[in-house]
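Accompanying notes for the structure given below.
The values are calculated or read from the model by the stated rules, or taken from the named source; none is laboratory data. Keep in mind that this is a model prediction, so the values were computed, not measured. All Cβ positions, even for glycine, are placed from backbone atoms using ideal geometry, and neighbour counts span all protein chains on display.
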Amino acid sequence: MEYSAENLVPFGPVHPSLKEPEYFRLVLEGEKIVEVTPRIGYVHRGIERAAQDRTWVKNIYLFERICGICSFAHSLAYTEGVESLTEFEIPSRAKYIRLVIAELERIHSHLLWLGLIGYWTGFDSLFMWIWKDREHVLDLLEAITGNRVHKSYSTFGGVRKDLPPGIEAKLMEEMMFIRNRVTYYEQLVKSEETLIARTHGVGKISQETALRLSPVGPLLRCTGIARDIRSEDPYAAYGEIPPVVMTSTAGDIESLLTIRLAEVMDSCRMIVDAIRSMPSGPTKVPFPRIVPAGEAMYHVEAPRGELFYFIHSTGAAKPERVKIRTPTLANLLTAVEMLKGRPLADVPVVLTGMDPCFGCMDRVAVFDVDKSKEWYVTGEQLKKLGIEYYGKRERE
Amino acid sequence: MSDQELDSIATDLSGKVVKIKKSLLLIVDRSKVHEACERVYRLPGLYHLVTITGMDTGKSILLYYHFWKGKSFTTVSTEVPKSDPRLPSISDSVPAALLYEAEVKDMFGVTFEGNPRMASKLLLPDSYPLGAPPPLTKEADPEKIRKMMELE
């Protein structure tokens, strides 16, 4: 269908509402959006191709840098995927610690997201308060793994180092704190009029749309379909500490708010359970340098949904093929459906509602003219980046 | 899904079923891949298309359509020669395949006939040189392509 130029509203690629460049071609009729064409690829870094030039261990550091928010989910899926190519038994303690870190990451990701919703609905105070509470979680992650974002914590055979002494008491204390704060935010979300107006009934999708378009994560669960990789296909210690799968039947952004907050509460419960029943023993077993030949398909429940890794090994020092499918790519078609029929003003809230992480989504091709000219993320560059980062932190 | 259900699909479409640990792999000819994917997707239970993976084996592009039911992966696999990289699109029966096929098209040059996104690029920049091989194939040399794009 032909539309005149007045109806076309380009949204992106560089837009104040987006943390990462994306381009959405919106066609309006009057005020309502009738057609949405997403165009992605602006943060392509060629990671799948770069992985073919790096050894197995170096790839851990590469893959965890696909995303800052769900960095541990990537490293967990990759390390456990490669471990599944062998017959090694990973020590129990390592599995429990992996669960603790994965759930801490889920808490920080969901709190970050809720802050963004507050921001885009003009509720700056909510944004500031939540991000301040989130600092408690990031401090815990730093105390355990040594870093807030790219933790490099999961490795082949277990985790890189054990929990520091005394951290268990601190974890219990902070989980209590997070639970109190989230209880307050849950009440806020139910009673604050601006939030309700901007999210109730907005971006409503039906269960049939979800079944048709295969979304993942909270976006799937908000339509009433109870699927969670942690309970369907347990990895790490989720077999012993299963999650409670949160669903809703409303299918709108408000239900996403309630689901994600409920998931944070459940994550707190899982961390407390894990600390209470943490087995003793080693945290790492020696792992062979050369990964045996074979194909592994592994998926984990990242904060945004199902993160899938396909690893093909020929027994060489470097992987033959690693294919990664991140949750935001799976959710993109559903997010487009959520936008149809909504007025233009809903675009930031609905797009944020699917919790997009375009940095996760745009991998593979390196030939991105919008980013810097350096294509290979060389060892030297990663090393320099690490030194600069810690240098800055020390000076602050 | 049970082995018998997949076995009967395999017999109908003259394919082969391979069991890898817990997951099942159904290998079919490229002409049968549309029907295979449709039948696997419509089996009772909640089938979910995880993604479509491409892999360059040297002479051909290997394609994996990963489906997840809730207990194990069921993958439909086929192969297209590099001399004729075309396949029918499955996006009419599995709408989620729309973007995954577009990604394989960008990265490997496989055309999925019937997919409306074949004309535009999903992930590659519009300035990607026309004569250059698709980026994830073995022929693609990043240095040469950068020179073609005048980035060096």
Could you go through segment A:310-318 and let me know if any residue there is away from chain B (no Cβ under 12 Å), part of a loop (DSSP other than H, G, I, E, B) and free of Cβ contacts under 8 Å to residues at least 60 places away in the same chain. yes
Please go through segment A:206-219 and pick out each residue that is crowded, with 22+ Cβ neighbours inside 10 Å and either in contact with a Lys or Arg (Cβ under 6 Å, 6 or more places away or on another chain) or away from chain B (no Cβ under 12 Å) (or both). A:Gly217, A:Pro218, A:Leu219
Scanning segment A:324-338 for residues that are farther than 25 Å from A:Ile47 by Cβ and surrounded by fewer than 24 Cβ atoms within 10 Å (Cβ to Cβ) gives A:Glu337
What do you reckon, is A:Ala77 on the phi < 0 side of the Ramachandran plot and within 15 Å of the chain's Cα centre (by Cα)? yes
In segment A:132-145, is there at least one residue being assigned to a loop (DSSP other than H, G, I, E, B), among the aliphatic types (A, V, I, L, M), on the phi < 0 side of the Ramachandran plot and in contact with a helix residue (DSSP H, G or I) (Cβ under 7 Å, 6 or more places away or on another chain)? no
Top-ranked residue in segment B:37-78 [being out of contact with any His (no Cβ under 8 Å at 6 or more places or on another chain) and among the aromatic types (Phe, Trp, Tyr); ranked as nearest to A:Ile311 (Cα to Cα)]: B:Tyr64
Yes/no for A:Thr155 being modelled with pLDDT of 95 or more and away from chain B (no Cβ under 14 Å): no
Of the residues in segment B:109-135 that are more than 12 Å from chain A (Cβ to nearest Cβ) and polar (S, T, N, Q), the one that is nearest to B:Met149 (Cα to Cα) is B:Thr111
From the residues in segment A:323-336 that are facing chain B (nearest Cβ under 10 Å) and in contact with a helix residue (DSSP H, G or I) (Cβ under 8 Å, 6 or more places away or on another chain), which one is nearest to B:Asp56 (Cα to Cα)? A:Lys323
Which one of B:Leu6, B:Leu26 is within 28 Å of A:Leu329 (Cβ to Cβ), touching a residue at least 24 places away in the same chain (Cβ under 8 Å) and touching a helix residue (DSSP H, G or I) at 6+ places or on another chain (Cβ under 7 Å)? B:Leu26
Checked B:Lys19, B:Lys69 against criteria (within 12 Å of chain A (Cβ to nearest Cβ) and either in contact with a strand residue (DSSP E or B) (Cβ under 8 Å, 6 or more places away or on another chain) or without any contact (Cβ under 8 Å) to a residue 12 or more places away in the chain (or both)); the one match is B:Lys69
Breaking point among (1) of a type in the set (Phe, Trp, Tyr); (2) within 14 Å of another protein chain (Cβ to nearest Cβ); (3) more than 29 Å from A:Ser214 (Cα to Cα), for A:Phe287: (2)
Those residues of segment A:40-80 that are within 12 Å of chain B (Cβ to nearest Cβ) and either in a helix (DSSP H, G or I) or free of Cβ contacts under 8 Å to residues at least 24 places away in the same chain (or both) come to a total of 5
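Can you find, within segment A:319-360, the residue that is nearest to the chain's Cα centre (by Cα) among those that are in a helix (DSSP H, G or I) and polar (S, T, N, Q)?
The initial filter retains those residues of segment A:319-360 that are in a helix (DSSP H, G or I), namely A:327-339, A:344-353, A:358-360.
If we keep only those that are polar (S, T, N, Q) as well, we get A:328, A:331, A:334, A:352.
Numbers: A:Thr328: 9, A:Asn331: 12, A:Thr334: 17, A:Thr352: 13 Å.
Step by step, filter segment A:319-360, then rank; the result is A:Thr328.
Which of the helices (runs of 4 or more DSSP H) found entirely inside segment A:178-277 contain at least 1 residues meeting this: closer than 20 Å to A:His108 by Cα?
Counting at least 1 such residues, we get A:218-221, A:229-232, A:253-276.
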Suppose we filter B:Lys138, B:Lys105, B:Lys144 for residues that are under 23 Å from A:His44 (Cβ atoms), more than 9 Å from chain A (Cβ to nearest Cβ), modelled with pLDDT of 85 or more and buried (at least 22 other Cβ atoms within 10 Å of the Cβ); which single one remains? B:Lys105
